[in-house]
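Values in this text are rule-based calculations from the coordinates and carry no lab data. Predicted, not measured: the structure shown is a model, and the values here were computed from it. Don't worry about glycine lacking a Cβ; one is built from the backbone with ideal geometry, like all the others, and counts go over all protein chains shown.
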Amino acid sequence: MDGIINSEIMIIILAAGIRLATPYLLAALGEMFVQRSGVYNLGVEGIMMMGAFSGFYATLQLGSPLLGIAVSLVVGALMGLLMALVSVTFKAEQGISGIGLYMFGWGLSGLLFRLYVGGITSVEGLKAVKVPLLSSIPFLGPVLFDHNGLVYTAFLLVPVTGFILFKSSWGLNVRAVGNKPEAADTLGVSVVLIRYQCLIVGGMLAALAGAFLTIGQANMYADNITAGRGFIAIALVYFGRWSPWGILLGSLLFSLADSFQSMVQVLGINFPYELAVVLPYMVTIIALAISYGRVWAPAALGKPFQRGTRG
């Protein structure tokens with residue numbers, strides 16, 4: 001009996017870990033493209049907040065989570081475009097402009113929520129979709145193949161983004177712009193256009209990560225629902241060495257630790273509560289410390305490009 005109970009608990013923890021990895025994966029994969037192009041966007045958290053509210057509010061008004069996702073993608077693209085305008089066209093200091101975008105998204109989403117919703121309101125979010133046959137596999141079925149569409153999307157994006165970044169001509173241009181923008185410009189690659197495209201893509205994925213929190217997980221909106229996930233996603237890009245597979249590993253490490261600490265509280269597992277709460281953050285700090293000194297950031301990361309000058 002103990003073995004059965006332990007197996008059931010393990011399934012719950014692992015399945016929750018897969019689900020909790022989704023917002024980190026989506027936001028970090030988007031930020032990976034941004035940083036690969038030579039820009040770092042500290043406004044990911046603000047974009048996630050706007051995506052969370054816009055996805056929730058559109059679902060509330062239109063009655064369709066899919067339309068909520070579509071609206072959040074548009075909002076994310078606009079937020080990415082705003083960051084591109086400030087940091088690429090106006091060449092503002094990227095750290096400051098990113099923090100400004102975070103504060104803008106955080107403040108505006110909260111304001112709109114108070115004006116147009118006003119209190120805790122639930123919506124009918126995305127339903128879990130069991131994958132035929134695969135969901136029936138003992139142990140692995142309920143862990144991997146019993147989630148909503150955004151969870152599957154996030155994990156499918158790992159090989160897709162890997163192919164785009166390392167096997168496509170556009171991905172080659174992105175990496176060239178992030179490492180040697182002056183050389184890329186000499187070869188006819190538009191540095192400005194590539195960085196605009198990456199920031200828009202990054203904004204869309206960050207907003208989708210926010211929408212997952214409201215219509216794919218909580219089915220409601222609340223202040224600070226992102227809870228720092230945007231900043232953790234940025235850290236995961238560094239931990240993952242700007243690679244989708246490394247980001248996947250980092251996301252799973254953090255989410256499984258987070259899932260474990262949640263289950264400690266819910267299921268009353270015999271484990272120190274205080275240690276469980278800080279465990280996800282300890283895992284992140286240790287992982288970043290281990291990877292320090294063995295990462296190779298894009299050479300032009302954080303450096304505005306000026307045609308006719310180096311970097």
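Would you mind calculating the gained length between D223 and A92 on full extension (0.36 nm times residue separation, minus the Cα-Cα distance), in nm to one decimal? Don't skip to the end; give the middle numbers.
Working: separation 131, 0.36 × 131 = 47.16 nm, distance 2.89 nm.
Contour length minus Cα-Cα distance gives 44.3 nm.
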Among L252, L26, L133: highest mean-square fluctuation, GNM of the chain, C-alpha pairs under 10 Å: L133
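Assuming 0.36 nm per residue, please report the length gained on full extension of the stretch L81 to L62 beyond their Cα-Cα distance.
On the way: separation 19, 0.36 × 19 = 6.84 nm, distance 2.56 nm.
Between L81 and L62, full extension yields 4.3 nm more.
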Based on the Cβ-Cβ distance from M103 to L133, what FRET efficiency comes out when R0 is 51 Å, to the nearest 0.05? 0.60
Name the residue farthest towards the positive end of the dipole of the chain from the options G17, L213, S168, assuming +1 on Cβ of Lys and Arg, -1 on Cβ of Asp and Glu, about the Cα centre. S168
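How do 256-262, 135-141 rank on mean C-beta neighbours within 10 Å, highest first? Could you put the intermediate results ahead of the total?
Numbers: 256-262: 20.4, 135-141: 13.0.
The peptides rank, most packed first, as 256-262, 135-141.
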Take the Cβ-Cβ distance between E124 and V160 as r, set R0 to 35 Å, and report the resulting FRET efficiency rounded to the nearest 0.05. 0.75
Among all stretches of the chain without exposed trypsin sites (Lys or Arg not before Pro) (DSSP loop, at most 11 other Cβ atoms within 10 Å), which one is longest? 128-293
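If each residue of separation counts as 0.36 nm, what is the full-extension length gain between L193 and R114 once their alpha-carbon separation is subtracted? Before the final figure, lay out the partial values.
Details: separation 79, 0.36 × 79 = 28.44 nm, distance 3.68 nm.
That works out to 24.8 nm of additional length.
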Helix 191-213 against the longest principal axis of the chain: what's the angle in degrees, Cα atoms only, rounded to the nearest 10? 20 degrees
Choose one answer from I47, I290, I69: the residue with the largest mean-square fluctuation in a GNM of the chain with alpha-carbon springs under 10 Å. I290
Can you give the calculated 222 nm mean residue ellipticity of the chain, where each DSSP H run of n ≥ 4 adds -39,500 (n - 2.57) and the sum is split over every residue, rounded to the nearest 500 deg cm²/dmol? -23500 deg cm²/dmol
Residue with peak Gaussian network fluctuation, the chain [Cα springs, cutoff 10 Å], from V71, V237, V277: V277
Among F113, F56, what is the fewest-to-most ranking by other Cβ atoms within 10 Å? F113, F56
Between (i) 6, 28, 37, 24, 5, 0; (ii) 6, 26, 33, 23, 9, 2, 0, 0; (iii) 6, 22, 27, 22, 14, 7, 2, 0, which matches P(r) over Cα pairs in 10 Å bins from 0, in percent calculated for the structure shown? (ii)
